[in-house]
Amino acid sequence: MKPINVGLLGIGTVGGGTWTVLTRNAAEITRRAGRPISITTVADRDLDRAREVTKGQAKLVDDAFSVCKDPEIDIVVELIGGYTVAKDLVLTAIENGKHVVTANKALLALHGNEIFTAAQKKGVMVAFEAAVAGGIPIIKALREGLTANRIEWLAGIINGTTNFILSEMRDKGLPFDVVLKEAQALGYAEADPTFDIEGNDAAHKATLMASIAFGVPTQYERAHIEGITKLDARDIAYAEELGYRIKLLGIAKKRDDGIELRVHPTLIPARRLLANVEGAMNAVLVKGDAVGPTLYYGQGAGDEPTASAVIADLVDVTRMHTADPEHRVPHLAFQPDQLEDLKVLPIEQCRCGFYMRMRVEDKPGVLADITRILADNEISIDALIQKEPAEGESQTDVILLTHVTVEGNANQAIAQIEALPVVAGEVTRLRMEQLDR
Ligand code: HSE
């Protein structure tokens, strides 16, 4: 049968992996797709590298827009990244009736609503399995495998760089800065790691998962985003003492009054499977009302793991491109006219437990003052430890965990605790999730 023709924009790490896997597994993939999938054209600024990978088996061009307009191309694979040129390329491809496969989480988190609407009008598919958690088929699971469920919440370790750093900080008791340098030397962190360590990358992915899970438009601009740069190795050690691990989680929860969408370092019980996802691995825990909790684990980055997701999308598009657009899987899992206008809630209205660490004078009445403030703000204590002061010191650390409370109440209590004359400096505050219901 006649091959389906693919134009590949960008043949770097993931593009190269896509070429390699598609070539190596061509026979198996053709048996699944029903016809060969052939990358006929590659656009890249580095034509020498493109030549090295493709070995004369594809047409090479340096103008990506020409690929998006080429009548011979059926599917455009966008692996350029960013959201300026990439957005124009994707919209041009759609305008020219091409299906699009992309790994670009930033583009879809920021401009997904516009892109999906354009695709809908043109009757083309925009597939993005590779945009979330690399090789883990989480989009497929959320959009299709769990389609019977009301998805209640999801929580994911969806950034390998930060998970590697947190694992190293815990294992070796080292500070963030030292481990970041090590991660960069080992190639786990980019030279400019800002998007990873500040939580933006995880927020892009959480935004997409939230939209698919709950059937709401993408709302990246309303997500609460906190990275790991301010995390103190002491808090990792205290959390361990209390039976918890700290992970950078992307969390999305559906409530009657809105969506919680947040990325931040989170204490989770050490006995949870998710707490034991170490190094650069990714995992997503999804709670559906019928199925209960389900967990998806795998490599969230890398050439062939991400290529695995890109090619899965290519096969899906190949199988479905002749189908009536109304009978395809909708981009955001729900029919476009059935998306709910449920807004992401401000962080002050989010609900979770809290870890609080404070430096206090070791004298009578101090704990009584602190617990009274918590009680006045309707915050219930779950666990509390007070360290013996070091030799010759009058101050010591108090660490407490709270039951679930509204963030606004926790903020108010923290401000009142910080105002106590017996409390030195600021209270360190981290959010905590039990992930059991
Ligand atoms: N930089 C990401 C990570 C992979 O560290 O997981 C691509 O999203």
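The values are calculated or read from the model by the stated rules, or taken from the named source; none is laboratory data. Fair warning: this is a prediction, and the values are worked out from it, not measured in the lab. Glycine also receives a Cβ, built like all others from the backbone with ideal geometry; neighbour counts cover every protein chain displayed.
Tabulated results
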quantity: Count of residues meeting criterion [within 18 Å of F65 (Cα to Cα) and touching a Ser or Thr at 6+ places or on another chain (Cβ under 8 Å)] in region 5-52; calculated: 8
quantity: From the options V263, V286, residue that is modelled with pLDDT of 95 or more, part of a strand (DSSP E or B), in contact with a helix residue (DSSP H, G or I) (Cβ under 6 Å, 6 or more places away or on another chain) and crowded, with 22+ Cβ neighbours inside 10 Å; calculated: V263
quantity: Condition met for E198 (within 15 Å of the ligand (Cβ to nearest atom) and either basic (K, R) or at pLDDT below 95 (or both)); calculated: no
quantity: Some residue of region 172-188 being aromatic (F, W, Y) and under 15 Å from the mean Cα position of the chain (by Cα); calculated: no
quantity: Those residues of region 176-194 which are free of Cβ contacts under 8 Å to residues at least 40 places away in the same chain and within 13 Å of the ligand (Cβ to nearest atom), in sequence order; calculated: L180, A183, Q184, L186, G187, A189, E190, A191, D192, P193, T194
quantity: Region 96-110 - residue that is part of a helix (DSSP H, G or I) and touching a residue at least 40 places away in the same chain (Cβ under 8 Å) and, of those, surrounded by the fewest Cβ atoms within 10 Å (Cβ to Cβ); calculated: L110
quantity: Among the candidates V398, V427, residue that is in a strand (DSSP E or B) and closer than 26 Å to L345 by Cα; calculated: V427
quantity: Hey, G173 more than 16 Å from the ligand (Cβ to nearest atom), on the phi > 0 side of the Ramachandran plot and outside the structural domain of G215 (by TED's automatic domain parsing) or not; calculated: no
quantity: T147 part of a loop (DSSP other than H, G, I, E, B), within 21 Å of the chain's Cα centre (by Cα) and either in the same structural domain as I225 (by TED's automatic domain parsing) or of a type in the set (D, E, K, R) (or both); calculated: yes
quantity: Top-ranked residue of region 111-154 - restricted to ones that are of a type in the set (G, A, S) and more than 13 Å from the ligand (Cβ to nearest atom), ranked as surrounded by the most Cβ atoms within 10 Å (Cβ to Cβ); calculated: A127
quantity: Pairs with Cβ under 7 Å, 6+ apart, first in region 399-424 and closer than 13 Å to R372 by Cβ, second assigned to a loop (DSSP other than H, G, I, E, B) and modelled with pLDDT of 95 or more; calculated: A413/N377; A413/I379
quantity: Single residue of A312, A307, A270 found to be in contact with an Asp or Glu (Cβ under 8 Å, 6 or more places away or on another chain), at pLDDT 95 or above and not assigned by TED's automatic domain parsing to the domain that holds F164; calculated: A312
quantity: Those residues of region 379-410 which are surrounded by fewer than 15 Cβ atoms within 10 Å (Cβ to Cβ), modelled with pLDDT of 95 or more and polar (S, T, N, Q), in sequence order; calculated: S380
quantity: Exclusive hit being without any contact (Cβ under 8 Å) to a residue 60 or more places away in the chain and acidic (D, E), set D303, D341, D376; calculated: D376
quantity: Residue, nearest to S167 (Cα to Cα), within region 292-307, restricted to residues that are away from the ligand (no atom under 12 Å from the Cβ) and touching a helix residue (DSSP H, G or I) at 6+ places or on another chain (Cβ under 9 Å); calculated: Y297
quantity: Breaking point among (1) away from the ligand (no atom under 16 Å from the Cβ); (2) touching a strand residue (DSSP E or B) at 6+ places or on another chain (Cβ under 6 Å), for I157; calculated: (1)
quantity: Those helices (runs of 4 or more DSSP H) lying entirely in region 161-259 with at least 3 residues crowded, with 24+ Cβ neighbours inside 10 Å; calculated: 200-214
quantity: Residue within region 316-330 that is surrounded by 14 or more Cβ atoms within 10 Å (Cβ to Cβ), closer than 28 Å to T266 by Cβ and among the aliphatic types (A, V, I, L, M) present; calculated: no
quantity: Residue pairs meeting the criteria (Cβ under 7 Å; at least 6 apart or on separate chains; first hydroxyl-bearing (S, T, Y), in region 4-15; second surrounded by fewer than 24 Cβ atoms within 10 Å (Cβ to Cβ)); calculated: T13/D303
quantity: Some residue of region 262-269 being closer than 26 Å to R143 by Cα and either among the aromatic types (F, W, Y) or within 13 Å of the ligand (Cβ to nearest atom) (or both); calculated: yes
quantity: Residue selected from region 308-328 under the condition more than 16 Å from the ligand (Cβ to nearest atom) and polar (S, T, N, Q), by the criterion nearest to M1 (Cα to Cα); calculated: T318
